[in-house]
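Student: Sharing a structure here in structure tokens format.
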Amino acid sequence: AAGAGVLLAAGLVGAASAVGAGDSEEAPAPTAVPAHTLTGYWHNFDNGSTVLKLGEVSSQYDIIAVSFASSTATPGQIDFELDPVLGYGSEQEFRDEIAAKQAEGVAVVLSVGGAEDHVTVNDEASANAFAESALGLIDEFGFDGIDIDLEHGINATYMSRAMEAVHAGVGDDLVYTMAPQTLDMQNTTSEYFQLALNTKDFLTAVHTQYYNSGSMLGCDGQVYSAGTVDFLTALACIQLEGGLDASQVGLGVPATPNAAGSGYVDPQVVNDALDCLARGTNCGSFVPDQTYPGLRGAMTWSVNWDAHAGNAWSDTVGPHVDGLP
């Protein structure tokens, strides 16, 4: 892993070794992320939706999160291997598809976590192991960055240190996203919210999963039910008022009813929520006190479920995201 020794010696502070610094001719330069983005998760597995190679993902997506890195026997360490079911002839073919997407202006990040895998970063050793292995995978595959989708608890202190080291290794071109669950972002004292605030200086976007959730409090203290425009807007408002920049807040939703156990909304409802937050139009009963024209955009689980439904979600929400102020 590039810079691994520096990371360990520096104790995660001031790691100056850039990933791929000596490989600039081989690795593509990291992709700049547009002001408004459509993000989708790509399956490195077959779950009955549609099996896609990375190159087959709809061109509407600006950020593709490769799902998922796997944990190892070493606490905090992550790895990534392609599932044979995808039909890649070689790892190089996959790397070439990442590079091709990047050439089209798309960022490709490696997502860590998901519902099945436990990656634990809760002390200096595991934080070092995470950063070292993440930088190694970024270097090996040419990923633009990391997505944090840890659903089994977070230690904000040590996860922040790990991501600071990743940022130090990659530089300001790092694309760094998160997909917390709704409960994780109810208030600024939660570990996930603390992680977002701790790393705000280089955080690209938080795409809270507004699905598989019961009713939750909005920023106005009222209770809202999942699957509604108000749920999306009133809960996103918590982050918008809690210290994150509008450009760091995105709406995470399922692409189809089959993609989640609950919380699906029609793509037009997603567009209404985006309009409500960015323009103050098409709101439900909840109307924010101000507009947030810099709103990042929307995320979906997943590009595979989207493809399974003929890309209806991305074809509806993608152009709307592009048209945000």
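The values are calculated or read from the model by the stated rules, or taken from the named source; none is laboratory data. Because the structure is predicted, anything quoted here is derived from the model rather than measured. When we count neighbours, we look across all protein chains shown, and the Cβ atoms used for this are built from the backbone with ideal geometry, even at glycine. When the accessible area is computed, the model is the full protein with side chains, heavy atoms only, and any ligands, DNA or RNA have been set aside. Shrake-Rupley method; radii C 1.70, N 1.55, O 1.52, S 1.80 Å.
Student: With n ≥ 4 as the cut-off for DSSP H runs, can you work out [θ] at 222 nm for the chain, using -39500 (n - 2.57) per run divided by the number of residues, rounded to the nearest 500?
Tutor: -10000 deg cm²/dmol
Student: Does the stretch 213-325 come out rounded, prolate or oblate, given a ≥ b ≥ c as the square roots of the eigenvalues of its C-alpha gyration tensor, rounded meaning a/c under 1.5 and, failing that, prolate meaning a/b above b/c? Provide the component values of the computation, followed by the final result.
Tutor: Numbers: a/c = 1.93, a/b = 1.34, b/c = 1.44.
Note, shape of the stretch 213-325 comes out oblate.
Student: How many percent of the alpha carbon pairs in the stretch 198-268 exceed a separation of 19 Å?
Tutor: Working: 870 of 2485 pairs.
The calculated P(r) of the stretch 198-268 puts 35 percent of pairs beyond 19 Å.
Student: If packing is taken as the average number of other Cβ atoms within 10 Å across a peptide's residues, how do 118-126, 170-178, 299-307 rank, most packed first?
Tutor: The peptides rank, most packed first, as 299-307, 170-178, 118-126.
Student: Sticking with this structure for a sec: Using only alpha carbon pairs under 8 Å that are at least six residues apart, calculate the relative contact order of the chain and give it in whole percent.
Tutor: So the answer I get is 19 percent.
Student: Which percent of the accessible heavy-atom area of the chain goes to carbon and sulfur, probe 1.4 angstrom?
Tutor: Numbers: 5520 of 12030 Å².
The value for the chain is 46 percent carbon and sulfur by accessible area.
Student: Taking the Cα centre of the chain as the origin, how large is its charge dipole in debye, to the nearest 20, when only Lys and Arg (+1) and Asp and Glu (-1) carry charge on their Cβ atoms? Could you put the intermediate results ahead of the total?
Tutor: Working: 7 positive and 42 negative charges, 139 e Å.
Once rounded to the nearest 20, the dipole reads 660 debye.
Student: Taking one equal scatterer on every alpha-carbon of the stretch 37-323, how large is log10 of I(q)/I(0) by Debye at q = 0.07, 0.16 1/Å?
Tutor: Those come out to -0.23, -1.29, one per q.
Student: Go through Asn155, Gln194, Ala168 and say which Cα lies farthest out towards the positive end of the charge dipole of the chain; charges sit on Cβ, +1 for Lys and Arg, -1 for Asp and Glu.
Tutor: Among Asn155, Gln194, Ala168, the one farthest towards the positive end of the dipole of the chain is Gln194.
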